[in-house]
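Since the structure comes first, as structure tokens, the remarks are kept for the end.
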Amino acid sequence: MRVFVTGATGFIGSAVVQDLINAGHQVLGLTRSDAGAESLAAAGAQVHRGDLEDLESLRSGAALADGVIHTAFIHDFSKFKENCEIDRRAIEALGAALGSSGRPLIVTAGTGVSPSGRLRTEVDAAAPSTAFPRGASDEAAQAAAALGVRVSVLRLPQVHDRDRQGLVTYAIAHAREKGISAYVGEGLNRWPAVHRLDAAPLYRLALEKGSAGANYHAVAEQGVPFREIAEAIGRGLKIPVVAISPEEAAAHFGWLGFFATMDAPASSTLTQQRLGWHPMQKPGLIADLDQASAFKD
């Protein structure tokens, strides 16, 4: 299968590209830079120039492919809502190019949040974008499905390896700046997680075996307590670990405060059953943090 991959040179996308090629697929990778083009060529992929806001480049790339995997996202969380809307428009463009052809579209979204920290499963509807901006991706996928696109959604938790750890990377930088690693209240709120090399094969399985309209969760660890994350950051940076009150969270964390208080456990039981995916082949989040490159001299 010839697969068009957005975000093909990114943290997750580059692993997806390599997994697809290793499995015998051809890859057409989206990139906007010469360095990205060189990286894709070296990996054995074909190069398609464009970016997430160049909707014509998205449409033309999708038109050339037997299936599309959309991993691109602008990771500037200080403009989170704006970037979620950019993602919505990108998904709309990809869906329009595929139409009712039966060619699969795999959309990336987040595992999101649930009331009272209830364990989220694949059958749970996404939070509306008015409540949680990342829901825009799910909404765009639903709109594409209504038009006959064979679309499914792969929801990601915190994706990590020893070099990057999703939102935890920003928490590390924040703790270094503040001189303390903080958690809120008792720090029992949970973040689900997956190693990026565990997540990559799931995209391929969803492409090859997935069902139209399905949601899949790339979750290896259902919920790592934020206090454990803060303690790992404290160990790595050799700084104090402190508890702050909920009232202090916004002032201390800034834009990260919403996420620092988020209790978002998620399950991948149905995903594992339906696609035969086997996570936890790689280290867990705390194990990666204890060896993180961000703490090396």
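Structure data summary
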{"item": "The range 51-128, dipole about Cα centre (Lys/Arg Cβ +1, Asp/Glu Cβ -1), debye to the nearest 20", "result": "300 debye"}
{"item": "Of Pro192, Pro246, Pro283, the one that fluctuates the most in a GNM where the chain has Cα springs shorter than 10 Å", "result": "Pro246"}
{"item": "Rounded tilt (10° steps) of 80-98 against the dominant C-alpha axis of the chain", "result": "20 degrees"}
{"item": "Cα gyration tensor shape for the range 25-171, rounded if a/c is under 1.5, else prolate or oblate", "result": "oblate"}
{"item": "Extreme residue, positive dipole direction of the chain, given options Leu270, Pro246, His75 (C-beta unit charges)", "result": "Leu270"}
{"item": "DSSP loop trypsin sites (Lys or Arg not before Pro) with at most 13 other Cβ within 10 Å: longest gap in the chain", "result": "119-237"}
{"item": "In degrees, nearest ten, helix 135-146 long axis to first principal axis of the chain (Cα)", "result": "20 degrees"}
{"item": "Most mobile of Gln165, Gln273, Gln46 in a GNM of the chain (Cα contacts under 10 Å)", "result": "Gln273"}
{"item": "Coil-residue GluC sites (Glu not before Pro) of the range 40-83, DSSP, other Cβ within 10 Å capped at 16", "result": "Glu53"}
{"item": "Between the range 203-267 and the range 40-61, the alpha-carbon center distance in angstrom", "result": "30 Å"}
{"item": "Cβ-placed point charges (K, R +1; D, E -1), dipole of the chain about Cα centre in debye, nearest 20", "result": "420 debye"}
{"item": "Ratio of Rg to Rh over the chain (Cα coordinates, Kirkwood Rh, two decimals)", "result": "0.97"}
{"item": "Sum of -39500 (n - 2.57) over DSSP H runs of 4+, divided by residues of the chain (222 nm, nearest 500)", "result": "-12500 deg cm²/dmol"}
{"item": "For the range 65-195, size of Cβ-based charge dipole, Lys and Arg +1, Asp and Glu -1, in debye", "result": "160 debye"}
{"item": "Overall dimensions of the range 130-238 as given by Cα atoms, namely Rg and Dmax in Å", "result": "17.0, 54"}
{"item": "Stretch gain in nm, segment Leu147-Ala287, where the contour uses 0.36 nm per residue and the Cα spacing is subtracted", "result": "46.0 nm"}
{"item": "Extended-chain gain in nm, criterion 0.36 nm per residue less alpha-carbon gap, Ser33 and Lys209", "result": "60.1 nm"}
{"item": "The chain: relative contact order in percent, alpha carbon pairs under 8 Å with at least 6 residues between", "result": "18 percent"}
{"item": "Residues of type aspartates and glutamates that Lys282 reaches as a straight line, Cα spacing below 12 Å, ignoring anything fewer than 8 places off in the same chain", "result": "Asp161, Asp198, Glu221"}
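Quick note: the coordinates plus some simple rules give every number you see, no bench work behind them. Fair warning: this is a prediction, and the values are worked out from it, not measured in the lab. Here Cβ is always computed from backbone atoms with ideal geometry, including for glycine, and neighbour counts include all displayed protein chains.
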